[in-house]
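Input: a single structure, listed below in structure tokens.
The values are calculated or read from the model by the stated rules, or taken from the named source; none is laboratory data. Worth saying up front: this structure is predicted, and the values here are computed from it rather than measured. We place every Cβ from the backbone using ideal geometry, glycine too, and count neighbours over all the protein chains shown. The area values use the complete protein model at the heavy-atom level, side chains included, leaving out ligands, DNA and RNA. Shrake-Rupley method; radii C 1.70, N 1.55, O 1.52, S 1.80 Å.
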Amino acid sequence: MAEPTSRKHQLKGIPARKPNQQQNGNWLFWVAMSLIFLILMSQSSTVNRINVPKQLSYSEFYSILLKNPETSQIQKLELIEGPENTLKGTFANNTEFRVNIPQKDEALLDKIRSNVTNFSVTPLQTFWSQLFFAFMPIILIITAIWYLSYRGSQVGNKIWSFGKSRAQMSNKESAQFTFNDVAGVDEAKEELQEVIEFLKEPKRFQRLGGKIPKGVLLIGPPGTGKTLLAKAVAGEAGVPFLSLSGSDFVEMFVGVGASRVRDLFEQARKASRTSGKGAIIFIDEIDAVGRLRFAGIGGGNDEREQTLNALLVEMDGFNTQTGVIIIAATNRPDTLDPALLRPGRFDRQIVVALPDIKGREGILQVHTKNIKLAEGVDLKKIAQQTVYFSGADLANVCNEAALLAARNNKDGVGMAEFLAAVERVTMGPEKKSNTISKKEKEMTAYHEAGHALLSLLVAEVDRFTKVSIIPRGMAGGYTLTPPTEDKHYHNKKELLGTMTVLLGGLVAEELFTGDTSTGVANDLQKVTRISRAMICQFGMNEKLGRLSFGQQNHQHFLGRDLWEQKDYSEETAKNIDKEVQNLVNDCYQRAKKLLSENRRELDILAKRLIEKEVIDIEEALVLLGMPDTKPIRQLEENSAPVAAPAKNVNSETTDV
């Protein structure tokens with residue numbers, strides 16, 4: 001049996017020819033250009049036949065010329081000199097004519113000068129000018145066709161590559177980002193490191209019957225480092241790495257996205273065979289293409305659904321081939337189609353959560369490598385002040401601190417810049433130029449003093465670190481109460497204490513003026529949200545029992561919750577509203593009692609705020625004569641802590 005030509009060439013030492021990838025596109029292009037050229041030529045010849053001048057004999061023209069003084073039949077006449085002299089003229093009825101005359105016919109020229117008033121002579125053109133005008137149009141046409149063809153090949157012949165994948169290929173030499181540049185996500189790094197080791201040494205895992213995972217899904221809030229992990233994989237893998245976004249598949253034409261999916265996997269398989277180890281495909285924001293398919297509500301999307309179907313088949317379909325690993329990232333896993341999440345497609349789902357204090361310190365070390373730090377900078381203290389910050393937030397803090405130090409012409413970035421950057425990222429820039437009246441300033445001072453004082457008096461909450469009445473961002477004033485430690489759960493007493501502190505601003509305004517302002521709107525929204533969650537989600541109510549009320553319907557085609565389904569009666573709804581009101585009222589009475597009993601401390605703190613505008617915790621403790629430690633939180637036996645999912649309770653109180 002004869003071997004393939006390429007194989008023969010390789011055996012003889014002759015390299016096999018590379019297939020011309022754009023052969024089809026080029027010959028189709030030239031065929032189209034030829035057809036267009038023929039059409040233009042046919043139209044040009046038709047026009048020429050219609051406007052061709054009438055050819056006269058010498059005797060016919062001479063007879064008309066002699067009678068022209070009486071008839072004025074010839075209006076215009078032009079002598080075109082050349083190898084054969086030609087007379088070109090126009091009759092009175094606008095009919096053009098042409099006559100060939102001898103080279104030297106002086107008698108005819110004398111008659112023309114005497115009998116035709118509008119007579120002109122066009123001199124003989126040189127050889128080079130005739131050659132230029134004869135061949136220049138052809139040269140221009142050929143040049144234009146060549147340029148278009150060349151540009152088409154340079155940009156990948158986009159006309160014929162509309163359905164091709166837009167993935168970017170990277171390798172270990174071109175990727176400089178590694179796992180050393182990622183911190184705070186150690187568990188995710190270990191999982192991905194195992195995938196990379198499997199690609200490098202597959203026999204180590206296959207000797208016990210293990211199989212390479214087909215897909216890894218990175219799940220987590222925005223800014224936690226999912227894309228950075230993928231970039232680190234590209235730098236560590238040592239295998240072909242193709243990356244693109246989920247939106248790169250989406251087009252207005254049905255079928256284009258599915259074609260790009262098939263082309264993407266074909267590229268990955270070719271790269272896998274070339275490397276001999278495998279290949280990795282990274283799809284960022286996969287929810288753009290992997291959303292739940294049409295369920296009969298709200299209309300479907302044929303293009304996206306066909307793209308998803310193609311992706312499902314390529315990942316684990318009838319003709320699935322091994323050697324290609326899919327890594328995808330999303331912050332909306334609830335919107336993904338269940339068929340995409342099943343084992344066999346995404347075998348591993350790695351949660352990239354917000355970093356803990358150790359992770360935040362590591363992230364700060366990574367982002368401050370190129371920043372000149374001043375003496376006394378304590379990254380651990382900054383990590384303690386940035387609970388619930390993501391990696392992107394911490395990177396922003398480091399950058400803002402460097403900008404603040406440069407703005408103040410300092411030689412290094414100190415702790416003051418870092419703390420100011422934390423507030424700037426959390427609340428926005430200060431508005432020191434805002435002019436407010438004395439009455440509003442006093443109202444804001446008492447409002448924030450109420451929050452700050454209650455954070456010192458209520459044992460179940462964290463005390464404040466800074467209180468200010470300088471407007472910042474959308475807030476007219478703020479009280480920072482960052483958590484002293486990372487918390488994943490809150491018990492009932494802590495939530496009640498938080499509600500009490502939030503109501504401190506409203507109570508302080510009532511004690512100062514006997515009235516309230518619109519600045520309490522944000523506090524009331526938070527209090528209402530917490531109290532309703534305690535009753536409807538966490539079962540923290542004795543009268544209604546340990547039940548959860550209401551089911552959230554996730555409308556995937558909208559990407560957000562549209563409504564809450566009521567699975568309880570109207571009577572229960574009334575009881576829920578009543579218990580929510582009772583919870584809020586109990587916290588209000590507690591806040592009012594504490595501030596009334598400590599009215600002297602409230603006035604001292606408010607007056608100092610009016611005077612200085614900003615007070616930190618150390619100054620407040622000295623001013624009020626309070627100890628530096630809060631009393632130990634005691635929990636009664638009949639109210640044991642109830643575990644609840646971590647809620648991102650804001651560490652500041654904002655007032656608009």
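Would you be able to tell me the number of residues in the stretch 331-345 that are open to solvent by less than 30 Å² (accessible area, probe 1.4 Å), assigned to a loop (DSSP other than H, G, I, E, B) and over 11 Å from Leu217 (Cα atoms)? Residues meeting the conditions: 2. Of all the residues in the stretch 434-464, those that are farther than 20 Å from Asn598 by Cα and in contact with a helix residue (DSSP H, G or I) (Cβ under 7 Å, 6 or more places away or on another chain) number 1. Answer yes if at least one residue in the stretch 301-313 is modelled with pLDDT under 85 and of a type in the set (Gly, Ala, Ser), and no otherwise. The answer is no; no qualifying residue exists. When Val520, Val527 are checked against the criterion of being crowded, with 23+ Cβ neighbours inside 10 Å and over 33 Å from the mean Cα position of the chain (by Cα), Val527 stands alone in meeting it. For the stretch 454-494, the set of residues classified as under 37 Å from the mean Cα position of the chain (by Cα), assigned to a loop (DSSP other than H, G, I, E, B) and closer than 20 Å to Glu509 by Cβ consists of Phe464, Ile469, Ile470, Pro471, Met474, Gly476, Gly477, Thr481, listed by residue number. Residues in the stretch 66-95 that are open to solvent by 90 Å² or more (accessible area, probe 1.4 Å) and more than 12 Å from Asn118 (Cα to Cα): Lys67, Glu70, Pro83, Glu84, Asn93, Asn94. When the stretch 425-453 is examined, which residues are found to be open to solvent by 40 Å² or more (accessible area, probe 1.4 Å), touching a strand residue (DSSP E or B) at 6+ places or on another chain (Cβ under 8 Å) and assigned to a helix (DSSP H, G or I)? Passing the criteria: only Thr426. Take Leu419 and decide whether it is under 24 Å from Arg600 (Cβ atoms), assigned to a helix (DSSP H, G or I), open to solvent by 10 Å² or more (accessible area, probe 1.4 Å) and not basic (Lys, Arg). Here the answer is no, as Leu419 does not meet what is asked.
Taken over the stretch 389-432, the residue count meeting the criterion of being of a type in the set (Val, Ile, Thr) and touching a Leu at 6+ places or on another chain (Cβ under 6 Å) is 1. Picking from residues in the stretch 356-375 that are out of contact with any helix residue (DSSP H, G or I) (no Cβ under 6 Å at 6 or more places or on another chain) and assigned to a loop (DSSP other than H, G, I, E, B), the one that is most open to solvent (accessible area, probe 1.4 Å) is Glu375.
The selection criterion, being outside any helix (DSSP H, G or I) and touching a residue at least 12 places away in the same chain (Cβ under 8 Å), holds for Gln349.
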